[in-house]
Amino acid sequence: MAEKKLMKGNEAIAEAAIRGGCRFYAGYPITPQNEIPEYMSWRLNEVGGHFVQAESEIAAINMVYGSAGAGGRAMTSSSSPGISLKQEGISYICGAELPCVIVNMVRSGPGLGGIQPAQCDYFQAVKGGGHGDYRMLVYAPNSVQECVNLMYDAYDKAEKYRLPVMMLGDGMLGQIMEAVELPPMKDPKTFPKKPWATTGEGIGKTRRIINSLYIVPDELEAMNKKLQKVYDEMAANETMVEEYKLDDAEIVLTAYGTVGRIVKSSVDLLREKGIKAGLIRPITVYPFPKDAFKRVGEMPCVKEIVAVELSTGQYIEDVKLYTECRKPVKFYGRSGGNVMSPEDVVDFVLKEVK
Amino acid sequence: MSIVFQKPKFLTDAPTHYCPGCSHGIVHRLVAEALEAVGAEGHVVGVAPVGCAVFAYNYFNCDMQEAAHGRAPAVATGIKYTNPDNIVFAYQGDGDLASIGLAEIVHAAARGVNITVIFINNAIYGMTGGQMAPTTLLGQKATTCIYGRDAMLNGNPIKVSEMLATLDGPSYVERVSVADVPNIKKAKKAIEKAFRNQAEGKGFSFVEVLCACPTNWHMTPLQAVEYVKGDMTKIFPLGVFKEV
């Protein structure tokens, strides 16, 4: 039975994580995601889990490594500069094939940047922010409800593929309050067994080793090939995309996360003005919805595409790549923590497109 | 015929990669014996560091996790809080623990998390070829201080046991040496105590072990143990620094 509540994005994602099985959280304070560790600090206690306020983001991600390696459903969260600090640990987690969840409520950068919403960590999230050939399953929810829905099953996905899931939000999504329907608590007894986890029983042939060190080149290459196969399988099964009024669209707006939601309103405003606009919004930014974008590139009615993002132009590269540059792609972005309104996007289209 | 001596069950049959005269083998054995003594079978997880002991997961016959450089106490914390009934230990060298991982060890100690940390202090970076460590003695030569460590240029050695003993968190902090048989016997007792503390729920236990690195010290194994007993023990005195 679904339960309806008015919740901040950060709190809702924390509650959804717990209902999805999270029993260990380690994190370090950074705005605009502080409600996540604050909520976890008392809520995990209630469900028999454990919260640690770590000494740093680096320690936090490594606590998650330990917990995940020991078979736990573990989570950390942060915002941009803190996620940069976690990159080493994320790379090790991917190398050791550990399932976990990492939340990034993105703020503006570079450097210390600002605390307002941004999407300037796109490359870091989808192209592998740490060292080595690795990928994560990266969700880009556009509402508090979508945060809850994606987070709720995130551990099932992470464990299916043995890799981290990143929830790529932004300051806006973390801070906004919306009514959400919360799903029921999952029963940990129903979670799949993890024969690879270091739960302490191993000795001799039965012992388990969590490791990302492969000193023999052929062994490491075989490991890399294995990981790529997992990523291919994930792309085949987990890619998610929203399409809105695309069928007869002449102008296709594209954006992800909260900007995808803003731009949806722009589509309606443009339609009111008689302009055939449509939207394509990736829900997974990795794996990228390649096929859906290829179709957009091939649609005869589409004259132009506009990539809208809160950065100086990162997401647009994938838009061009996966529409195979078959249609012109214009860029409309804000940065520094500034957020465009639906009307701003309409004005841009009226002035700059066709 | 009765067995009077055998390999501890917590060591695998894998031959180690350690150099002749290196102390790691002795400490591995002491840790394995301690695990057996506290009855850890069936509920123990070790954490290997980065450094010479990076392959420790091949030698300890139990579930193991390999941590990023310096992060073993954080990894051990995650393991312990996830499965609190497990005996969890981190095995770290001086570059790993006292340099890049100083924050992790201090906060694990301050938190009093119920784990056991074995700290190998051989005053040098072994795996990378003999660079200056945070515990390198003044005057001691390393590949990044070729004329000997100079306090003005390179700073001073860090005394980790003394530092951790100032915290309220740890239940037990001791520095031992494995330079000769009487000291190895003391080290065995200390390491066993550090594991027994954990089994009894007493909280964070830490044993620093002064070790020899003949290869990177450019000494014979015999010269190296004399260096541990002499110069090194003067700067890093042996003893119990904290016991609750």
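Values in this text are rule-based calculations from the coordinates and carry no lab data. Nothing here was measured: the structure is a model prediction, and the numbers come from that model. Quick reminder, even Gly has a Cβ in these numbers, built from the backbone with ideal geometry, and neighbours come from all protein chains shown.
In the stretch A:183-212, the residue that is farthest from B:Ala56 (Cα to Cα) out of those that are more than 7 Å from chain B (Cβ to nearest Cβ) and of a type in the set (A, V, I, L, M, F, W, C) is A:Met185. Of the set (1) surrounded by 20 or more Cβ atoms within 10 Å (Cβ to Cβ); (2) within 12 Å of chain B (Cβ to nearest Cβ), all apply to A:Gln53 but (1).
Could you look through the stretch B:41-75, keep only residues that are in a loop (DSSP other than H, G, I, E, B), in contact (Cβ under 8 Å) with a residue 12 or more places away in the chain and surrounded by fewer than 22 Cβ atoms within 10 Å (Cβ to Cβ), and pick out the one that is nearest to the other protein chains (Cβ to nearest Cβ)?
Quick first cut of the stretch B:41-75, residues in a loop (DSSP other than H, G, I, E, B) only: B:41-43, B:49-51, B:61-62, B:67-71.
Checking the rest, the ones that are also in contact (Cβ under 8 Å) with a residue 12 or more places away in the chain come to B:41, B:43, B:49-51, B:61-62, B:67-71.
Keeping just the survivors that are surrounded by fewer than 22 Cβ atoms within 10 Å (Cβ to Cβ) gives B:41, B:43, B:69.
Details: B:Glu41: 6, B:His43: 4, B:His69: 9 Å.
Filtering the stretch B:41-75 for residues that are in a loop (DSSP other than H, G, I, E, B), in contact (Cβ under 8 Å) with a residue 12 or more places away in the chain and surrounded by fewer than 22 Cβ atoms within 10 Å (Cβ to Cβ), the one nearest to the other protein chains (Cβ to nearest Cβ) comes out as B:His43.
Considering (1) free of Cβ contacts under 8 Å to residues at least 60 places away in the same chain; (2) at positive phi, the lone condition that A:Gly257 does not fulfil carries the number (1). Would you be able to say whether some residue in the stretch B:94-116 is more than 8 Å from chain A (Cβ to nearest Cβ) and among the acidic types (Asp, Glu)? Yes; the residues of the stretch B:94-116 include at least one that is more than 8 Å from chain A (Cβ to nearest Cβ) and among the acidic types (Asp, Glu).
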